[in-house]
Amino acid sequence: MQSERPSLPASPPAPGRARARRLRRAALVLLLGLCAALLLAGVALVHFDWNRARPWLNAEVSEAMGRRFAIEGNLSLDWHWPQPLETGWGRWVPGVTVSAERLVMDNPPGFDPGTSAPAPLGTIGRASATLHLLPLLSRQVAIDTVALDAPDVALARRADGSANWDFTPAAPGQGERTAPPWRFSVDRLVLRQGRIAYADARRDLDLQARVDTLDPGDPASARYGLRFTLQGRYARARIEGSGHAGPVLTLRDEVVDYPLRFQARAGRVAAEAEGTLANPGALSGMDLFLTLRAGSMADLYALTGIVLPNTPPFQTSGRLVGSLRPQRAVWEYRDFRGTVGQSDLSGHVTYTSGQPRPRLVGEMKSRQLRLADLGPLLGADAREGPSAQRPGKVLPDTPFATDRWNAMDLDLRFTGQKIVRQGSLPIENLSVRARLDDARLTLDPLTFGVAQGRIASRVQLDARDGAPLRAQVRGSVQGLKLSALFPRVERMDKSLGRMDGAVALQGQGASVARLLGSSSGEAKLYVRDGVLSKQMLDLASLNLGSVIVARLFGQDKEVHLRCAVADLGVREGLAHTRTAKLSTDDAVVEATGQIDLARERLDLRIQPESLQWKFFSLRTPLYVRGDFADPQVGLEPGPLLLRAGAAVAAAVAAPVALALVPLTVPAADDDARCAPLLAQASAPARSGLAGAAGTPPSARPGASKPRR
């Protein structure tokens, strides 16, 4: 048998392991104690009568906001866990939901909105806010969700720019230390049966909106969660509207497609829109299908700040996309289509806010543009006929709306593929580039295709510095077929001739009539290879020409026009004939005199120089005098020259007030038929100038001194 070995005693535990076990037990006890303390604190907080804290809380918030705040109803607190809007470990940090009833916040001390807005800034029937606890340690109130029942908020801004939503904390007393300000953030806002009012004395605006949650059975609840109505006034215009919005306004998510649909009317402006707002909390964007209707495009300025011209009533529909951020907003109205008056319109425009002025760029076109719809752009009434003019006058005198030109810059291109004028052959096309820069409007090029010819021009209107509107116009006419303007003449297969010409004028005034009435410059017109007769001019409704032709050539005579030349000098609204002659196979007819653009009167003498006197029914000179609207033609009482003719021509032969390159008309200056007329006119013109160098331009009847 083997002998048994004696057993060895167990070794004592190592000192380090024993210490670790003791520390773990202590930590566990401490953690359990802390949890128990937190649990007891939580139970105490929940069961604590928070109404006792209302005076302190009201005072703290009032001091922070710089105006009286009060919770007049019950105040309670409940725990919530986990956090509904958090992700990761933060979801498991407990939070609290604070509920309060009958909340009131007053306007700042001494603030009187001066409107129908109620005295307090706002009242709330019941409010609940879900708060995070940890941010409170850094003086930040971070709220998950704010739910407001029956909120009634009245925002107001006075004429001096002060607003009741400007929060100014009370200034600390002398020697007091200023604590860091509290910061507030809200992730989600829910409104139930709310009312929001906005009164702005600076813009004469007073609006009220009511917001409510949709019932589950409402057909719109599948996409929307709220409905709202809007009413009020803007200046004298009544505003009303309604619409639907998403179920809640989420302010935290970076990517939110918030649905929105509304229709609204303000005076003559009506709008309908449906689409989405991208992240409304950051105002990062919108994507809406927008329909606009108004009595004029100019009506949009008061609501949008976008400067557009006066037009007939219009309607457009298109896609509006872009950003809503102040001072960085970019709006694109894409692929819109609509009508302006009786004309169609389509295109796209982009509006960009910025300093010193916002900017509008884009392109528009019209397949068929009615000429009367362009009238308001030129300062004329959109109606056609005598009623659209001033009594006894023919030049449009409606003032240009230049007071808004310094509010925005623009660069727009417009093309009218076909222009229609009532009672005549359609003008073929129109194209223009309009640029507005610091209250200076430039139309360059402004081109018309008309009567198988072309009218090209450059127009500059300068309204800077509050001075009277200054204008420069330079243009040319190329190959315009005159009979094509008059369908009944065209059907006779007769030609009134082709016209070439050029004009350069400079003036100042608030309307077309006043610009022409103060203008200086020159104009040249040439007409070649035509046929004239009283019958043809009657068919063209050219009554003045019909009377003159009948007096000179007889009632039934058909005259072959070789060339007609009109070379006019213009100074301070008076146009004088430097050369005005008409050459036919039978005679040369010369016109001398003046055209008063300011008073819209004619004073011309027409002298025939017969090559074959047997063809003339009249050998005595004619006069043409009177208003543009109703000139009179009669016999000149004796072979008397116009006393002012040669003298005034001397003063305007070289209009030094116009710093423009002298006019040329290449298609006609060297024409074989027109050159002889110019050669015949050169010698008399020079002798007339030499003899009248000192005669002032104020020889107009009734004028005491020249206009400056």
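Worth pointing out:
- In segment 555-583, the residues that are open to solvent by less than 10 Å² (accessible area, probe 1.4 Å), more than 42 Å from the chain's Cα centre (by Cα) and either modelled with pLDDT under 80 or closer than 19 Å to residue 600 by Cα (or both): 559, 561
- Residues that are part of a helix (DSSP H, G or I) and open to solvent by less than 40 Å² (accessible area, probe 1.4 Å) were ranked within segment 513-539; the one that is modelled with the lowest pLDDT is 536.
- Consider segment 595-642 and keep the residues that are among the small types (Gly, Ala, Ser) and either in a loop (DSSP other than H, G, I, E, B) or on the phi > 0 side of the Ramachandran plot (or both). The one that is modelled with the highest pLDDT is 598.
- Total residues in segment 299-319, condition closer than 14 Å to residue 360 by Cα and either open to solvent by less than 50 Å² (accessible area, probe 1.4 Å) or assigned to a helix (DSSP H, G or I) (or both): 7
- Residue satisfying all of: in segment 307-330; at pLDDT 90 or above and of a type in the set (S, T, N, Q); farthest from the chain's Cα centre (by Cα) among these: 317
- Whichever residue in segment 441-488 is under 30 Å from the mean Cα position of the chain (by Cα) and in contact (Cβ under 8 Å) with a residue 60 or more places away in the chain and, among such residues, is most open to solvent (accessible area, probe 1.4 Å): 474
- Restricting 291, 352 to those that are of a type outside the set (Asp, Glu), at pLDDT 80 or above and open to solvent by 40 Å² or more (accessible area, probe 1.4 Å) reduces the list to 352.
- Test: residue in segment 84-93 that is modelled with pLDDT under 80, over 47 Å from the mean Cα position of the chain (by Cα), part of a strand (DSSP E or B) and at negative phi: no
- Any hit, segment 127-144, residues being of a type in the set (Val, Ile, Thr), more than 28 Å from residue 243 (Cβ to Cβ), modelled with pLDDT under 80 and open to solvent by 60 Å² or more (accessible area, probe 1.4 Å): no
- Residues that are closer than 15 Å to residue 417 by Cβ and outside any strand (DSSP E or B) within segment 360-372 comprise 367, 368, 371, listed in sequence order.
- Per-region count, segment 346-359, residues closer than 23 Å to residue 407 by Cβ and part of a strand (DSSP E or B): 7
- When residues of segment 246-260 are limited to those that are outside any loop (DSSP other than H, G, I, E, B) and either touching a helix residue (DSSP H, G or I) at 6+ places or on another chain (Cβ under 8 Å) or open to solvent by less than 40 Å² (accessible area, probe 1.4 Å) (or both), the one modelled with the lowest pLDDT: 250
Conditions tested, residue by residue: (1) among the β-branched types (Val, Ile, Thr); (2) buried (at least 17 other Cβ atoms within 10 Å of the Cβ); (3) not in a helix (DSSP H, G or I).
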{"position": "221", "(1), (2), (3)": "no, no, no"}
{"position": "230", "(1), (2), (3)": "no, yes, yes"}
{"position": "233", "(1), (2), (3)": "no, no, yes"}
{"position": "240", "(1), (2), (3)": "no, no, yes"}
{"position": "244", "(1), (2), (3)": "no, yes, yes"}
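- Only one entry in 209, 159, 237, 220 is under 30 Å from residue 271 (Cα atoms) and at pLDDT 85 or above, namely 209.
The values are calculated or read from the model by the stated rules, or taken from the named source; none is laboratory data. All figures in this text were calculated on a predicted structure; none of them were measured in a lab. We place every Cβ from the backbone using ideal geometry, glycine too, and count neighbours over all the protein chains shown. Quick note on the areas: whole protein, heavy atoms, side chains included, nothing else; ligands and nucleic acids left out. Shrake-Rupley method; radii C 1.70, N 1.55, O 1.52, S 1.80 Å.
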